[in-house]
Amino acid sequence: MEYNASATKHLFWFVETRETARLLGNHSMDEVRQIVIDVNLYQQKSNSRLIDEFGCIRKRLEALPEELQRMMVTADINTGKLIAFVGCMAADKLLFDLMYDVYRRKLYFGELTLTDADLTVFFKDKQDQNEQVAAITDTSVKKLKQVYSKYMFEAGLLTGKISDKQLSKPYIDPDLRFALQRNSMDKYLAALTGEK
């Protein structure tokens, strides 16, 4: 998977992702796409925005094993949000790297805050290491910092305010833990929990 800044135009969309996963239990992805469009499931103002949102949600769901897609539908809200966040990480290499390299390390060492400086250093290091990330504009980097922070707040991984982000180590339901391990997603589990 390549690095990109496409997340600048996307939201977390937990409710929409969960409903799409629910529909996938009885329909093919193409049928779900048609249902989403026919009933304006995501309540978008334009068809193009609706199709773009579906494309993003589809990419996230397809990045998850079927077991996790099913679990998202039946799990409690907090576990469902964590699964949706794992889908975001699985579909967005830059977000995964941020979580694995910064969030995981901070949890491991018992650090309690995620600062703007942490995010700036992460993006600067990535830009120095990778041409694709180096090509991302400063404006897009600023937007990515905001978007990724919002994802983490919505998934329950951060608390506080945007200017004072506190890390919140999530409770990982044993069923989710085992599902991630069964599906060779140990690094995603580590990114969420701070485990090595």
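Only the coordinates and a few stated rules stand behind these numbers; no lab work does. Keep in mind that what you see is a predicted model, and the values were worked out from it rather than measured. All Cβ positions, even for glycine, are placed from backbone atoms using ideal geometry, and neighbour counts span all protein chains on display.
What are the pairs with Cβ atoms under 8 angstrom where one residue, in region 115-135, is farther than 25 Å from Leu158 by Cβ and the other, located anywhere, is of a type in the set (A, V, I, L, M, F, W, C)? Sequence gap at least six, or different chains.
Final answer for the pair search is Asp128/Ala134.
Do we have any residue at all in region 106-117 that's of a type in the set (Lys, Arg) and in a strand (DSSP E or B)?
Checked against the condition, which is being of a type in the set (Lys, Arg) and in a strand (DSSP E or B), region 106-117 yields no hits at all.
Output the residue which, of all residues in region 37-54 that are of a type outside the set (Asp, Glu) and exposed (fewer than 13 other Cβ atoms within 10 Å of the Cβ), is nearest to Val15 (Cα to Cα).
Gln43
Ala7: out of contact with any Phe, Trp or Tyr (no Cβ under 9 Å at 6 or more places or on another chain) and within 28 Å of Asp173 (Cα to Cα), yes or no? Give the steps one after another, and end with the answer.
Values: out of contact with any Phe, Trp or Tyr (no Cβ under 9 Å at 6 or more places or on another chain): no; within 28 Å of Asp173 (Cα to Cα): yes.
No: the conditions fail for Ala7.
May I ask you to verify whether Leu11 is surrounded by 13 or more Cβ atoms within 10 Å (Cβ to Cβ), more than 24 Å from Ile136 (Cβ to Cβ) and aliphatic (A, V, I, L, M)?
It is false that Leu11 is surrounded by 13 or more Cβ atoms within 10 Å (Cβ to Cβ), more than 24 Å from Ile136 (Cβ to Cβ) and aliphatic (A, V, I, L, M).
Among the listed residues Asp97, Asp101, which satisfies the condition of being under 13 Å from the mean Cα position of the chain (by Cα), assigned to a helix (DSSP H, G or I) and acidic (Asp, Glu)?
Step by step, each of Asp97, Asp101 is checked, and only Asp97 is under 13 Å from the mean Cα position of the chain (by Cα), assigned to a helix (DSSP H, G or I) and acidic (Asp, Glu).
Every residue in region 160-196 that is surrounded by fewer than 21 Cβ atoms within 10 Å (Cβ to Cβ), without any contact (Cβ under 8 Å) to a residue 60 or more places away in the chain, under 16 Å from Leu119 (Cα atoms) and touching a strand residue (DSSP E or B) at 6+ places or on another chain (Cβ under 8 Å), please.
Asp164, Gln166
What is the number of the single condition among (1) surrounded by fewer than 18 Cβ atoms within 10 Å (Cβ to Cβ); (2) touching a Cys at 6+ places or on another chain (Cβ under 9 Å); (3) of a type in the set (D, E, K, R) that Lys59 does not meet?
Lys59 satisfies every listed condition except (2).
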